[in-house]
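Engineer: Here's a structure for you.
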Amino acid sequence: MAETDKIERDVMEYDVVVVGAGPAGLACAIRLKQLKPDTNICVLEKASAVGAHSLSGAVLEPAALEKLLPNWRSEYTGMKVPAAEDDVRLMTKTGSVKLPGWAIKLSPMHNHGNFIISLGQLTPWLAQQAEKLGIDIFPGFAAAEPVFDEQGAVKGVRIGDMGLNKDGTPGPNYTPGVEIHARTTVVAEGSRGSLAKQLIAKFNLREGADPPTFGLGFKELWQLPPGRVKPGRIEHAFGWPLDTGTYGGSFLYHLDKGRIALGYVSGLDYEDPDYKPWEAFQQWKNHPMIQPLLEGGNILSAGARAIVTGGWQSLPKVEMPAPC
């Protein structure tokens, strides 16, 4: 038994604890509170602030958000650029082939009525709406592991300890993480969540599901010289520099204030041992169709994250034993 297992921990009691303050976790908490206002709910977020880990090239289909928060269009002050035009292309090494308009309208790439947004702005706003309803939001608190009752059901989570030595023993500034107990624990960590991986293994939640697959997505926000950005233009592309056996492609969204968001996704099931996702991203940015747009611009921010790409058939079971 580890030394930290013997420590008596403080306990906080809730009806529901949601792990992860992304769009899904916050929407879940808000909807539960709308349906049952007396429910005591908290949301944990491992980042120092809500939205700090919300990295995405995001085009929002607004129907669900309008049902959840009907006044969002007038109350949300973050970026929301109406989609104006779609451009989908098959890239070759020196050029591209544009998909016809009728094909785009029949595909998921048709964005009429949608908005280009920033998840890094939307999630803090959702957190504000949650707090107005009486939901507790705790940024900077990462759930380290699930907590089980005597019957083996999930009764909450334990926050990670602080002040540990390199060998895992308590140091001079050690502070034990509290336990949060709840009748219902909602795990909304996103792709490759550490808590989810523990629970999937313990309860064999992948039984009957296809193997999971993942992609690696890079994103950059650019400031471009005046006159180049066409707000609301949405560009997607596939093909070069990927080979025919590798999933992936690019996105390029024209924002407001002379900015664009661009990124590249590479499926992590690629077979070529010499393929390097970061180098593919750089190759794409130097394509004859992309490089002139970026020339003279500056990168404002950048990041990368894992993306779930396996589809519905790869999802594990989403329920597990909870306290009676």
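The values are calculated or read from the model by the stated rules, or taken from the named source; none is laboratory data. Remember, it's a predicted structure, so these values are computed and weren't measured experimentally. Every residue, glycine among them, receives a Cβ derived from its backbone with ideal geometry; neighbour counts consider all protein chains shown.
Engineer: Just name the residue that is nearest to Gly215 (Cα to Cα) out of those in the range 187-200 that are more than 16 Å from the chain's Cα centre (by Cα) and buried (at least 17 other Cβ atoms within 10 Å of the Cβ). Talk me through it step by step, then tell me what you get.
Structural biologist: Residues of the range 187-200 that are more than 16 Å from the chain's Cα centre (by Cα), as a first pass: 197-200.
So of that shortlist, the ones also buried (at least 17 other Cβ atoms within 10 Å of the Cβ) come out as 199-200.
Values: Leu199: 22, Ile200: 20 Å.
Checking each candidate, the answer is Ile200.
Engineer: Can I ask one more? Taking only pairs six or more apart or across chains, which ones have beta-carbon atoms under 9 Å, a first residue in the range 209-233 that is at pLDDT below 95, and a second residue that is of a type in the set (Asp, Glu)?
Structural biologist: Thr213/Asp269; Phe214/Asp269; Gly215/Asp269
Engineer: Within the range 212-232, can you find the residues that are closer than 28 Å to Pro82 by Cα and in a strand (DSSP E or B)? Don't jump to the end; show me each part of the working.
Structural biologist: Keep residues of the range 212-232 that are closer than 28 Å to Pro82 by Cα, which gives 215-232.
Matches in the range 212-232: Gly215, Leu216, Gly217, Phe218, Lys219, Glu220, Leu221, Trp222, Gln223.
Engineer: Might you let me know whether the range 25-43 holds any residue that is closer than 30 Å to Pro170 by Cβ and of a type outside the set (D, E, K, R)?
Structural biologist: The initial filter retains those residues of the range 25-43 that are closer than 30 Å to Pro170 by Cβ, namely 42-43.
Filter once more, keeping what is of a type outside the set (D, E, K, R): 42-43.
Yes, there is a match, as at least one residue in the range 25-43 is closer than 30 Å to Pro170 by Cβ and of a type outside the set (D, E, K, R).
Engineer: Also: Would you mind stating whether Ala144 is assigned to a helix (DSSP H, G or I), of a type in the set (A, V, I, L, M) and modelled with pLDDT under 95?
Structural biologist: So Ala144 does not fit the description; no.
For every residue, the table says whether it meets (1) free of Cβ contacts under 8 Å to residues at least 12 places away in the same chain; (2) surrounded by fewer than 21 Cβ atoms within 10 Å (Cβ to Cβ); (3) β-branched (Val, Ile, Thr).
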| position | (1), (2), (3) |
| --- | --- |
| Leu35 | yes, yes, no |
| Asp38 | yes, yes, no |
| Ile41 | no, no, yes |
| Leu55 | no, yes, no |
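Engineer: Taking interchain pairs and intrachain pairs at least six residues apart, which have beta carbon atoms under 9 angstrom, with the first residue in the range 60-71 and hydrophobic (A, V, I, L, M, F, W, C) and the second surrounded by 12 or more Cβ atoms within 10 Å (Cβ to Cβ) and in a loop (DSSP other than H, G, I, E, B)?
Structural biologist: Filtered contacts from the range 60-71: Leu60/Asn114; Leu65/Tyr76; Leu69/Tyr76.
Engineer: Shifting gears a bit: Filtering the range 270-316 down to residues that are of a type in the set (A, V, I, L, M) and part of a loop (DSSP other than H, G, I, E, B), which residue is surrounded by the most Cβ atoms within 10 Å (Cβ to Cβ)?
Structural biologist: Applying the filter and picking the extreme gives Ile290.
Engineer: Related question: From the list Phe138, Phe148, which residue is more than 30 Å from Tyr253 (Cβ to Cβ), out of contact with any Phe, Trp or Tyr (no Cβ under 8 Å at 6 or more places or on another chain), without any contact (Cβ under 8 Å) to a residue 40 or more places away in the chain and aromatic (Phe, Trp, Tyr)? Walk me through how you get there before you give the answer.
Structural biologist: Values: Phe138 fails: without any contact (Cβ under 8 Å) to a residue 40 or more places away in the chain.
Testing whether each residue is more than 30 Å from Tyr253 (Cβ to Cβ), out of contact with any Phe, Trp or Tyr (no Cβ under 8 Å at 6 or more places or on another chain), without any contact (Cβ under 8 Å) to a residue 40 or more places away in the chain and aromatic (Phe, Trp, Tyr) leaves just Phe148.
Engineer: What are the residues in the range 1-59 that are modelled with pLDDT under 90 and over 13 Å from the mean Cα position of the chain (by Cα), if any?
Structural biologist: Met1, Ala2, Glu3, Thr4, Asp5, Lys6, Ile7, Glu8, Arg9, Asp10 - these are the residues of the range 1-59 that are modelled with pLDDT under 90 and over 13 Å from the mean Cα position of the chain (by Cα).
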